[in-house]
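Some notes on the structure that comes next.
Since every read-out is calculated from the coordinates, none of them should be taken as a lab result. The shown structure was predicted, so the numbers you read here are calculated from the model rather than taken from an experiment. Virtual Cβ from ideal backbone geometry, glycine too; neighbours counted across all protein chains shown.
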Amino acid sequence: MKTSSPTIRRSAGVLLTTVSATALYACGGGGGGGSDPSPNAQAVQLKSDSNAMPNPPAFVPLATPLSADATEYDKHMQIARISWANNNDITAPYWCANPGQGSNPLLRDRTVVPITELFDGFYFVGTISVGQYVMKTPDGGYVLFDTMNNATDVRDITVPQLQAAGIEPSKLSGIVVTHGHGDHDGGVAELQARYHPATTVVGSADYSASKPYSATVAVDSTNLAPIPLTVAGATFTAMATPGHTPGTTSFILPVTYQGKQHKIAYLGGSAFPGTAAAALQYLRSAEAMYGQVKEQGADASINSHSFEDKSIDRIHAIQAQGGIASSNPMIQGTAKIQLGFATLRSCSAAQLYNRDATAINPVWRPTRTELYAALSNGNDGTTHVRARVSDYFSPISGGTVTFKTAAGDSCVAATDEEGIANCVIRSSAKGAGPAVVTAEFSELARADAVELSSFDTRQAQ
Ligand SMILES: [Zn+2]
């Protein structure tokens, strides 16, 4: 959050950026600000060196904003369609583009997808239509997320596929249900009867005495705050995301791959609901999920209907390459996962408007940060950095960009009318050499639109 407003002006063709003292003090090495050689507390002028700093690459708009009298539906969907057109593999495209998902033939494709390891001790098994995920826990047990349709699926698919991967079904110590539709919780009763898992988790609003199974944890479906949940020694984030059903629950799952932690965003429901009230819940849940995806740095996504977020394509890619030993197609990176959930939110806002024409919500605009210059001066420990921020239509002025190194040195600058921010990082460790710099644009709320955050990273020269 900015605490004061930067001012920007041009003079004789030279870019002058005046940043408030509050913002600029973040530029001080080591966070103390004491090493800043320009301790003018009121305003510090940073004059860009036009000889040393390159010009930005030409800005190419991807589209023209719709006119003000376009419908809310079209304004949201314009953004979603541009995002898909440029990122064909992002999560959540199908039910965004196809509100009538019931006609999707993939929903009836019962082709078995053999059990496939996606991360260390984390598997998918099921059919093209619907599947389930298996997570090995620190206790040596396994948690099953969703259970497919019925006892027949448990007998014919779940159990033999687990055994094929060397997983003893009797070690099933927890069941987690994304939502109470029969293609997700239909196998719970059979699994409980066979293996007596200690824990079964379901959203409270999707659970009732009429269910043929007993839940031990009912996630409060009225509280959208994320909660840590520990099942059989495995701790992950659960979050009520009502909308698809009242009790839909979503998850952020920490996993490992080749010694590094990754986080999977697991949306518990997919198809949009029919009523305006449920569509509003769906929108708020999509926004909450985007927030968690961003806060926790989710860099992969899954869905029980694996075609919905295109994770089935990644699962097939893993099968084709014979496993995840050489590379992992599941890992898409934080930017792409955030874009996917931002797109889901755009579609949700559009769908809500279709059900309630009084539902006006700001358009969420994905942005791009281009850190196109980072020049290190080894003699004085400074790095001159410059980035441009834009959305699909134009550069963004009046935004805030934070430039920082892994060592914690940073500077903060506002974007000018060309979307350009520049400042000088002063290193606390002189002579450390050029650092890897990250430029992060902070989310910027306007009256009718939200410019979403973005970042870029490059090695200083
Ligand atoms: Zn469902």
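If R0 is 60 Å, the Cβ-Cβ spacing of ARG110 and GLN459 corresponds to a FRET efficiency of close to 0.75. Taking the Cα centre of the chain as origin and assigning +1 to Lys and Arg Cβ atoms and -1 to Asp and Glu Cβ atoms, the resulting dipole is close to 600 debye. Working note: Debye formula, equal point scatterers on the alpha-carbon atoms of region 333-461, no solvent; log10 I(q)/I(0) at q = 0.15, 0.19, 0.21 Å⁻¹ is -0.71, -0.97, -1.10. Multiplying the residue separation of ARG194 and ASP380 by 0.36 nm and subtracting their alpha-carbon distance yields 60.1 nm. Placing a pseudo-label 7 Å from each Cα along the Cα-to-Cβ vector at ASP69 and ARG155 gives an inter-label distance of 6.5 nm. So how far, in whole Å, is the C-alpha centre of region 168-226 from the one of region 316-364? Using only Cα atoms to place each centre, the spacing works out to 26 Å.
Give me the net charge of PRO329's neighbourhood, meaning all other residues with Cβ under 14 Å from the Cβ of PRO329; Lys, Arg count +1, Asp, Glu -1.
That works out to -2.
Gap in Å between the Cα centre of region 151-166 and the Cα centre of region 57-96? Result: 42 Å between the Cα centres. Axis angle, to the nearest 10 degrees, between helix 276-296 and the longest C-alpha principal axis of the chain: 60 degrees. When peptides 437-447, 245-255, 400-410 are ranked by their average number of other Cβ atoms within 10 Å per residue, the highest-first order is 245-255, 400-410, 437-447.
For region 257-414, the square roots a ≥ b ≥ c of the C-alpha gyration tensor eigenvalues yield an a/c of 1.5 or more together with a/b not exceeding b/c, which makes the shape oblate.
Computed over every Cα-Cα pair of region 216-319 and binned at 10 Å starting from 0, the pair-distance distribution P(r) comes out as 15, 44, 32, 8, 0 percent. Among 205-212, 115-122, 57-64, 321-328, sorting by the average number of other beta carbon atoms lying within 10 angstrom of each residue, highest first, gives 115-122, 205-212, 321-328, 57-64. The convex hull around the C-alpha trace of region 67-180, projected and averaged over every direction, spans 9.9 square nanometres. Rounding to the nearest 10 and keeping the result within 0 to 90°, find how far the Cα-based axis of helix 72-86 lies from the longest principal axis of the chain. Taking the Cα atoms of the chain, the angle to 72-86 is about 90 degrees.
Only the Cβ atoms of Lys and Arg (+1) and of Asp and Glu (-1) were treated as charged; on that basis the dipole of region 111-205 about its Cα centre amounts to roughly 140 debye. For region 140-229, the C-alpha radius of gyration sits at 1.07 times the compact-globule guess of 2.2 N^0.38 Å, with N the residue count.
Under 13 Å from the Cβ of PHE145, count the other residues' Cβ atoms, weight Lys and Arg +1, Asp and Glu -1, and hand me the total. Taking every Cβ under 13 Å from that of PHE145, the sum is -1. Relative contact order of region 72-365, taken over Cα pairs closer than 8 Å and 6 or more residues apart, is 21 percent. Here the label points at ALA407 and ARG355, each 7 Å from Cα along the C-beta direction, are separated by 5.4 nm in the simple model. Across all directions, the average flat footprint of the convex hull enclosing the Cα atoms of region 72-365 is 14.1 nm². May I ask which residue of TYR195, ILE425, ALA335 lies farthest towards the positive end of the charge dipole of the chain, with charges of +1 (Lys, Arg) and -1 (Asp, Glu) on Cβ and the Cα centre as origin? The listed residue farthest towards the positive side: ILE425.
All other residues whose Cβ lies under 13 angstrom from that of ASN303 are scored, Lys and Arg at +1 and Asp and Glu at -1, for a net of -3.
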